[in-house]
1. Over the stretch A:23-74, calculate the relative contact order: mean separation of alpha carbon pairs under 8 Å at least 6 apart, over the residue count, as a percent.
2. Listed highest first by mean packing, meaning other Cβ atoms within 10 Å per residue, what order do B:118-128, B:34-44 come in?
3. How much net charge surrounds residue B:183 when only other residues with a Cβ under 14 Å from its Cβ are counted (Lys, Arg +1; Asp, Glu -1)?
4. Could you calculate the contour length gain from residue B:165 to residue B:86, that is, 0.36 nm times the residue separation minus the distance between their Cα atoms, to one decimal place in nm?
5. Quick one: net charge around residue B:171, please, counting Lys, Arg +1 and Asp, Glu -1 for every other residue with C-beta under 12 Å from its C-beta.
6. Taking every residue in B:181-194, how many Cβ atoms of other protein chains lie within 10 Å of its Cβ, on average?
7. Evaluate E = 1/(1 + (r/R0)^6) for residue A:45 and residue A:112, where r is the Cβ-Cβ distance and R0 equals 35 Å; express this FRET efficiency to the nearest 0.05.
8. Could you tally the net charge around residue A:101, taking each other residue with its Cβ under 12 Å from the Cβ of residue A:101, Lys/Arg +1 and Asp/Glu -1?
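Quick note: the coordinates plus some simple rules give every number you see, no bench work behind them. Values in this document were obtained by computation on a predicted structure and should not be read as measured data. Please note: Cβ atoms are built from the backbone with ideal geometry, for glycine as well, and neighbour counts cover all protein chains shown.
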Amino acid sequence: MRRPVDTGDPDRLYTVTGGRSRADDDFDLVTLVVSESEPTAGMQSEHARILDLCRHPTAVVEIAAELKLPITVVRILLGDLLAMGRITARHPRAAQSLASLPDSALLKEVLHGLRNL
Amino acid sequence: MGSAISELPSRRTPLADAAETGLKIVIVGGFGVGKTTLVRSVSEIRPLNTEEVMTQAGVGVDETSGVAAKTTTTVAFDFGRISLNERMVLYLFGAPGQERFWFLWDRLFSGTLGAVVLVDTRRMDDSWYAIDRLEHHRTPFVVAVNRFDDDTAGYSLDEIRQALALPERVPLIDCDARLRQSGKDVLITLVDHLYELAMAQEMTP
Ligand SMILES: Nc1nc2c(ncn2[C@@H]2O[C@H](COP(=O)(O)OP(=O)(O)OP(=O)(O)O)[C@@H](O)[C@H]2O)c(=O)[nH]1
Ligand SMILES: [Mg+2]
């Protein structure tokens with residue numbers, strides 16, 4: 001279960017995303033998503049579940065784990081909800097490139113938080 | 001959005017409503033080195049498991065088929081989380097370090113603060129590729145030696161540094177992934193190191 005495996009279920013993924021394959025790259029793994037409205041009747045069930053889950057800020061990766069869907073699929077669903085104005089996204093402010101460091105003030109806050117655990 | 005009626009008791013503890021900044025640290029290492037154990041020992045939630053589906057081209061769901069799909073690769077990884085304060089939340093990702101999974105690493109973990117390479121001295125070779133790759137990407141990292149009970153060789157940190165050809169500037173520490181305090185110390189060592197690097201960078205014009 002924890003081991004990387006080679007299957008995947010393309011059929012199911014295809015259904016959930018309506019056949020689309022381009023994920024919205026704006027959603028980082030740790031982008032925090034917040035619902036802006038309640039689920040409505042007749043809504044695709046995955047959309048409704050996301051709105052339900054994100055009453056409190058919830059990271060993309062936690063949504064994926066909770067819905068048991070791959071990250072890519074969740075990004076597509078979030079793109080839909082964003083376009084409908086039903087969610088807002090709080091993006092990470094840490095550096096987006098692999099090679100650049102976040103500023104020392106942010107790191108100091110992280111250190112402080114870790115020391116207080 | 002404040003209604004609590006639909007919140008079942010089994011649901012995970014939600015983040016604070018003021019949470020706005022997500023941060024990432026990656027724990028990388030070979031099979032069974034203790035990645036999940038480390039994540040569990042410091043996480044405020046039970047580690048969760050999720051997966052990413054990849055195709056050759058690096059795009060998610062296969063566009064052309066949907067039915068008779070060519071083989072996609074699913075890579076599983078687990079993660080935990082630490083609320084640092086009301087606004088900041090740190091996610092820890094346990095990622096397999098073997099060469100064939102690094103395409104996942106490249107894609108998923110961009111923007112990470114830094115990495116912890118977990119090393120098992122009985123299988124030191126497993127760490128080579130991860131260290132090499134991190135240096136190549138200039139992702140800052142520390143190396144933590146997870147000492148297992150049946151590690152009889154008892155190499156010193158100096159010997160391990162030599163064996164891994166690890167430059168002096170990369171912090172190298174002992175840890176016991178099962179202990180919360182030890183896990184915390186590993187993370188603090190990493191962020192301390194990042195802080196030093198950031199300060200040095202900010203000093204140079
Ligand atoms: N003695 C000892 N055992 C440990 C330590 N850390 C982990 N273990 C044990 O080693 C085994 C593997 O640990 P995991 O945390 O599952 O390792 P992993 O890196 O997540 O493994 P994979 O995800 O399968 O690659 C488990 O049975 C742990 O209880 C340690 O510091 N000392
Ligand atoms: Mg594991």
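1. 40 percent
2. B:34-44, B:118-128
3. It works out to a net charge of +4.
4. Gain on extension, residue B:165 to residue B:86, equals 24.4 nm.
5. -3
6. Whole-number average of other-chain Cβ neighbours for B:181-194 is 3.
7. In this case the efficiency is close to 0.25.
8. -2
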